[in-house]
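J.: Structure in structure tokens, see below.
The values are calculated or read from the model by the stated rules, or taken from the named source; none is laboratory data. Computed from a prediction, not measured in an experiment: that's the story for all the values here. Cβ: placed from backbone, ideal geometry, glycine included. Neighbour counts: every protein chain shown.
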Number of protein chains: 2
Amino acid sequence: MGAMGNTASTADPALETTQTDRVVKKRVLLGIVGDSAAGKTTMTRGIANVFGDDNVTHICTDDYHAYDREARKQMSITPLNPECNYMGIMEQHIRLLAAGEPILKPDYNHSDGTLDAPVLVEPRELVIVEGLLAYHSKAMRDCFDVKVYLDPPEDLRRRWKIDRDTSKRGYEVDQVNADLQRREPDSEAFIRPQRNWADIIVRFHPPSASLDVPPDQLSVRLVLRPTLAHPYLMEIAERTRIEGLLPLRVSLARDRGKPVDVVEIQGSIDPNLSSAVEEAVLEGMSTDLAGLDRSTVGVFRVGEDKLRSESLALTQLLLVVQLLSARANS
Amino acid sequence: MGAMGNTASTADPALETTQTDRVVKKRVLLGIVGDSAAGKTTMTRGIANVFGDDNVTHICTDDYHAYDREARKQMSITPLNPECNYMGIMEQHIRLLAAGEPILKPDYNHSDGTLDAPVLVEPRELVIVEGLLAYHSKAMRDCFDVKVYLDPPEDLRRRWKIDRDTSKRGYEVDQVNADLQRREPDSEAFIRPQRNWADIIVRFHPPSASLDVPPDQLSVRLVLRPTLAHPYLMEIAERTRIEGLLPLRVSLARDRGKPVDVVEIQGSIDPNLSSAVEEAVLEGMSTDLAGLDRSTVGVFRVGEDKLRSESLALTQLLLVVQLLSARANS
């Protein structure tokens, strides 16, 4: 495929034999980038579940912090700043994984903020690189087959961050707000500019102005840039035209002046319709769907509760289609 | 130079500009391999001192232990066993350093036997890779410009190990002896076979049968294999013929059936003569000697004491000549 920016991965030996039934497989690299609490882990887990943990290698670039929490505090530097991270090594490791080599990945301990002993990571069929700065350099970007950027509205992201950091990481609301304020200049300088490099921009958003919408009722807007072929898009839009409804609305638009496809999915879509749409999304795929596990598609956690979002489910399936297409065509 | 087994380093971009006076420099990789307490650290420090710490990157392959001391104990595995180490990553890191790339090196804590957070290592002009298993795979061996193996007589090495482990690592003599016994099958299987791959084999030994000789009076026997050119050897032997003496005796011999040069230096050589020999060793070198620091050549530590060995000094200088020659000719 003539996908732009994929020189590194297409130049590498692309075919390999594995121990599974399918003899020849292409390794695919998926990037999931976004600001803190933009939903990276939720999206990563959803995709990994579909392909099966045994087939997926997942690394988080937070592990490349060069300083522990205490040192960052003394230096007044945030983890969003490239200077706070081993960027050269992050780039090297992404390149090595793309080339099929194992890495000895550093390990940042989120619970106590310390740097632990590194761990061995072997690249499997699908490599997901998730993190704040994974599109920072061209050499990094060139390694990915599909680059996703998560771009929720800022007020929604702030709410997500407060919810997560107070429930899972033991912070007070005031601390999280102060942290958000301290990080804002680096978000502006280093994180949000990476939106420019994404092939697919995912924006979960409330259907109306209020943030007080149940999290399983968010709508989603996907911007699909022509940096990737989106070969099944129009077909999928047609196939999913069910009972006169258009649950996936595809339109042509401009994003920062450049032409893009936009897909919109309402969060309030009826689960039965959504389920029919899921079937329609996948049924036209010519590639092998065996081994895909769709049982947890769209499922996410809020605290101890598991919820299911139809817009999340369909977004994940569209990304799966994109990854299967990247694997089949490269 | 047509040195055997050097394809990796000569295939890499060999020339680079640096911030120092000398504009063009070749990176040189030196391997120093031998069993536990064979003298690797002493030899490494001596060579690093000559080139200056700012010009030398030194890594120890002990850092690539995959299990901490506690886990090794439970698994009944010794650190001499390749399965106890991240061998693939060790190979990858040696290759990356040879190619001029930085690595994030794992870090084994010898004092408490735990695995620490990794550290960033940038390759400088001279890269010394020291350790138990650095010649284990062909891909590793191919990275080195000069491969040294330290091969003291077993009874001398055991004495050195007891001295070191009881003074620096807090063990009892009985513990060290038990450790030596436990390690012997792995020494036999994995460490000593690496002697086969060395360009230069260094054997410090007592001049007579007794081990009770002052450590600064050991003689040395160097085996120089034709896998490397030893271009200055005969010249040096001639130049060092002082007052009718032959402080460096060069002879032709067979090592395991194959022809080699052998250099022998008596430990009892008079310091004044040794000093004159040092001058003679270096004076014929056509390469740039500026920046070499010879003030600590031959110096080694026994506990808190610093001693100087003339045979060690001359061995180190011969290795320096070999490294300068590798840099000049590649």
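J.: Which one of B:Ala189, B:Ala134 is modelled with pLDDT of 95 or more, among the hydrophobic types (A, V, I, L, M, F, W, C), touching a helix residue (DSSP H, G or I) at 6+ places or on another chain (Cβ under 6 Å) and at negative phi? Break it down stepwise before answering.
T.: Working: B:Ala189 fails: touching a helix residue (DSSP H, G or I) at 6+ places or on another chain (Cβ under 6 Å).
Going through B:Ala189, B:Ala134 in turn, the sole match is B:Ala134.
J.: On to the next question. Can you report the number of residues in segment A:237-253 which are surrounded by fewer than 14 Cβ atoms within 10 Å (Cβ to Cβ) and either within 21 Å of A:Arg327 (Cβ to Cβ) or within 22 Å of the chain's Cα centre (by Cα) (or both)?
T.: 0
J.: Just to be sure I understand, how many residues within segment A:94-104 are within 10 Å of chain B (Cβ to nearest Cβ) and assigned to a loop (DSSP other than H, G, I, E, B)?
T.: Residues meeting the conditions: 2.
J.: Exactly one condition in (1) under 19 Å from the mean Cα position of the chain (by Cα); (2) modelled with pLDDT of 95 or more is not met by B:Arg72; state its number.
T.: (1) is the only condition that B:Arg72 fails.
J.: So, one more: I need the full set of residues from segment A:296-330 which are among the hydroxyl-bearing types (Ser, Thr, Tyr) and surrounded by fewer than 20 Cβ atoms within 10 Å (Cβ to Cβ), in order please.
T.: A:Thr296, A:Ser330
J.: Right, another one. Here's a check for you: in segment B:181-205, which residue that is without any contact (Cβ under 8 Å) to a residue 60 or more places away in the chain and over 14 Å from B:Tyr135 (Cα atoms) is surrounded by the fewest Cβ atoms within 10 Å (Cβ to Cβ)?
T.: B:Gln181
J.: Next question. Determine whether segment B:43-61 contains at least one residue that is under 27 Å from A:Asp116 (Cα atoms), touching a Pro at 6+ places or on another chain (Cβ under 8 Å), modelled with pLDDT of 95 or more and more than 14 Å from chain A (Cβ to nearest Cβ).
T.: Yes, segment B:43-61 contains a residue that is under 27 Å from A:Asp116 (Cα atoms), touching a Pro at 6+ places or on another chain (Cβ under 8 Å), modelled with pLDDT of 95 or more and more than 14 Å from chain A (Cβ to nearest Cβ).
J.: Another question, then. Any idea how many residues of segment A:38-65 are hydrophobic (A, V, I, L, M, F, W, C) and under 19 Å from A:His136 (Cβ atoms)? Step through it out loud before you land on a result.
T.: Here is the first cut: in segment A:38-65, the ones hydrophobic (A, V, I, L, M, F, W, C) are A:38, A:43, A:47-48, A:50-51, A:56, A:59-60.
In the following step, the residues that additionally are under 19 Å from A:His136 (Cβ atoms) were identified as A:38, A:59-60.
Selection size over segment A:38-65: 3.
J.: Take the conditions within 12 Å of chain A (Cβ to nearest Cβ), in contact (Cβ under 8 Å) with a residue 40 or more places away in the chain and within 27 Å of B:Ile201 (Cβ to Cβ) and apply them to B:Glu91. Does it pass?
T.: Criteria met by B:Glu91.
J.: Also, I was wondering about something else. Considering segment B:77-88 alone, what residues qualify as being more than 10 Å from chain A (Cβ to nearest Cβ) and either hydroxyl-bearing (Ser, Thr, Tyr) or farther than 17 Å from B:Ile191 by Cβ (or both)? Before you say what the answer is, go through the steps one by one.
T.: Going residue by residue through segment B:77-88, those that are more than 10 Å from chain A (Cβ to nearest Cβ) are B:77-85, B:87.
Listed by number, the list holds a single entry, B:Thr78.
J.: Restricting to segment A:215-236, give me the number of residues that are of a type in the set (A, V, I, L, M, F, W, C) and either surrounded by fewer than 19 Cβ atoms within 10 Å (Cβ to Cβ) or farther than 16 Å from A:Leu319 by Cα (or both).
T.: Adding up the residues that qualify gives 4.
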